[in-house]
Amino acid sequence: MDNLDLHNDLTIRDYQEDDYDEIVKFWFLTNMGNPERGDNRETIRRTLELGGKLILMESKSTKQICGTSWMTYDGRRIVLHHFGILPECQGKGLSKILLKESLQFVKNMHTQVKLEVHSTNVKAINLYQKFGFQHLGEYKVYIIRDTSNL
Ligand SMILES: CC(C)(COP(=O)(O)OP(=O)(O)OC[C@H]1O[C@@H](n2cnc3c(N)ncnc32)[C@H](O)[C@@H]1OP(=O)(O)O)[C@@H](O)C(=O)NCCC(=O)NCCS
């Protein structure tokens, strides 16, 4: 499929519960499915109830998921995560379509948006900067994954 046909074949829609199994496969293929993160069907459901959004880019003809963008909202800011394009569809400009749609949601919510990206992920950094994200100083990121000892 050439680039124009590919773009015409794609649609962006909201996640539905029965997409979950495909999403998990997609996140594995795009290296975004680290089990340590503790994300599951319930986490997604909760974030949507709290006003977040998970959008999928999908092929109209094959129904294959080609991209995901998960925006969680804590009442203060939106955090963009799990933003990715299927490896075989990368390099064709699809991330720009998905990010534009994601930022439309941000705009409608009238909040700031934040994300974390690995310092070596040049493609993603270039993309985010192109869309106006600015590097937030020299902050380090900390997390407690295991709360059993708290
Ligand atoms: C990051 C990612 C979403 C970019 O999608 P993509 O399909 O590869 O990129 P696109 O073809 O849509 O290009 C979008 C922009 O990304 C940047 N980019 C893409 N390929 C690049 C490369 N090889 N080198 C540097 N920048 C690149 C450019 O800014 C490009 O815009 P331009 O073509 O106008 O210059 C994709 O590589 C991906 O899913 N990676 C795995 C998951 C991931 O790391 N997600 C980010 C988590 S924070």
For the residue 43, residue 8 Cβ pair and Förster radius 35 Å, calculated FRET efficiency rounded to 0.05 is 0.55
Whole-Hz Karplus couplings 3J(HN,Hα) for the range 115-121, θ = phi - 60° and coefficients 6.51, -1.76, 1.60, Gly and Pro as x, run 8, 10, 9, 5, 4, 8, 8
If you put +1 on each Lys and Arg Cβ and -1 on each Asp and Glu Cβ, how big is the dipole of the range 1-90 around its Cα centre, in Debye rounded to 20?
380
Convert each backbone phi in the range 139-146 into a coupling constant with the Karplus relation 6.51 cos²θ - 1.76 cosθ + 1.60 (shift: θ = phi - 60°), then list the ³J(HN,Hα) values in order as whole Hz, x for Gly and Pro.
5, 9, 10, 10, 8, 9, 8, 9
Cα axis of helix 20-29 to longest principal axis of the chain: angle in degrees, 0 to 90, nearest 10?
90
Going by alpha carbons, how many degrees (0 to 90, nearest 10) lie between the helix axis of 94-109 and the longest principal axis of the chain?
50
Give the whole-number value, in cubic angstrom per residue, of the convex hull volume spanned by the C-alpha atoms of the chain.
136
Could you state the per residue volume, in Å³, of the convex hull enclosing the Cα atoms of the range 47-128?
101
Straight-distance crosslink candidates among aspartates and glutamates, where the alpha carbon sits under 16 Å from residue 92 and sequence neighbours closer than 8 are dropped:
2, 5, 9, 58
Using a basic spin-label model with each label point 7 Å from the Cα along Cα→Cβ, how many nm lie between residue 64 and residue 116?
3.1
What percent antiparallel are the DSSP beta bridges of the chain, to the nearest 5?
80
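Each value in this text was obtained by applying a stated rule to the coordinates, not by laboratory testing. Computed from a prediction, not measured in an experiment: that's the story for all the values here. Neighbour counts run over all protein chains shown; Cβ positions are idealised from the backbone, glycine included.
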